[in-house]
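The values are calculated or read from the model by the stated rules, or taken from the named source; none is laboratory data. Small disclaimer: the values here were computed from a predicted structure and weren't measured. Here Cβ is always computed from backbone atoms with ideal geometry, including for glycine, and neighbour counts include all displayed protein chains.
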Amino acid sequence: MKTNRTFTMIKPDAVAAGHIGAILDMITKSGFKIVALKYTALSAEKAGQFYEVHKERPFYQGLVDFMSSGPIVAAILEKDDAIAEFRKLIGATNPADAAEGTIRKKYAKSIGENAVHGSDSDENAEIEGNFFFSAFERF
Ligand code: UDP
Ligand code: MG
């Protein structure tokens, strides 16, 4: 069964470039409801934990360094078929391959510094949302 929630982060590159408002606007205009929202930062340890599945990949250390380099915005989003719909909105991991009009096409700098995170499955959306938010922070 498809659930209707996904998890996102606006990554340090997009926050530093001043794109929080524009990205949240694209998200809400695309029909996502904000269930939870937080301006925070990941320590290197927390970033390492969040991206644990990529631990053996060559880009892991760079990813951890980047994701702990500055503040981020974390959010839980709701829409029918949220995982697929949100992956469509953010575009391909590498902005060079991202479709026109996607968040990564507009705001990502490179395959590493690519502006936003989007969960890849219902199971991971649940795990990732729980990583940042308590039940009292969801509406
Ligand atoms: N990443 C990277 N180099 C790569 C692939 C990925 O630095 O060759 C980073 C990038 O920030 C990406 C994250 O690792 O968003 C997680 O990778 P994944 O393959 O899960 O991409 P996503 O699901 O974010 O599109
Ligand atoms: Mg992924």
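Side notes on the structure shown:
- Inside the stretch 23-42, residues that are part of a strand (DSSP E or B), without any contact (Cβ under 8 Å) to a residue 40 or more places away in the chain and surrounded by fewer than 13 Cβ atoms within 10 Å (Cβ to Cβ) make up a count of 1.
- Odd one out for Glu45 among (1) surrounded by 12 or more Cβ atoms within 10 Å (Cβ to Cβ); (2) more than 16 Å from ligand 2 (Cβ to nearest atom); (3) not in a loop (DSSP other than H, G, I, E, B): (1)
- Put simply, of Glu126, Glu85, Glu113 the only residue that is buried (at least 19 other Cβ atoms within 10 Å of the Cβ) and in contact (Cβ under 8 Å) with a residue 40 or more places away in the chain is Glu113.
- Contacts under 8 angstrom Cβ, first residue in the stretch 88-102 being within 21 Å of Phe59 (Cβ to Cβ), partner assigned to a helix (DSSP H, G or I) and away from ligand 2 (no atom under 15 Å from the Cβ), 6 or more apart: Gly91/Lys105; Pro95/Lys105; Ala98/Lys105
- Of all the listed residues (Tyr51, Tyr60), the sole one being surrounded by 13 or more Cβ atoms within 10 Å (Cβ to Cβ), more than 14 Å from the chain's Cα centre (by Cα), aromatic (Phe, Trp, Tyr) and within 12 Å of ligand 1 (Cβ to nearest atom) is Tyr60.
- Matching entry among Ala135, Ala99 (being at pLDDT 95 or above, touching a Gly at 6+ places or on another chain (Cβ under 7 Å) and loosely packed, with under 15 Cβ neighbours inside 10 Å): Ala99
- Within the stretch 58-73, at least one residue is touching a residue at least 60 places away in the same chain (Cβ under 8 Å) and within 16 Å of ligand 2 (Cβ to nearest atom).
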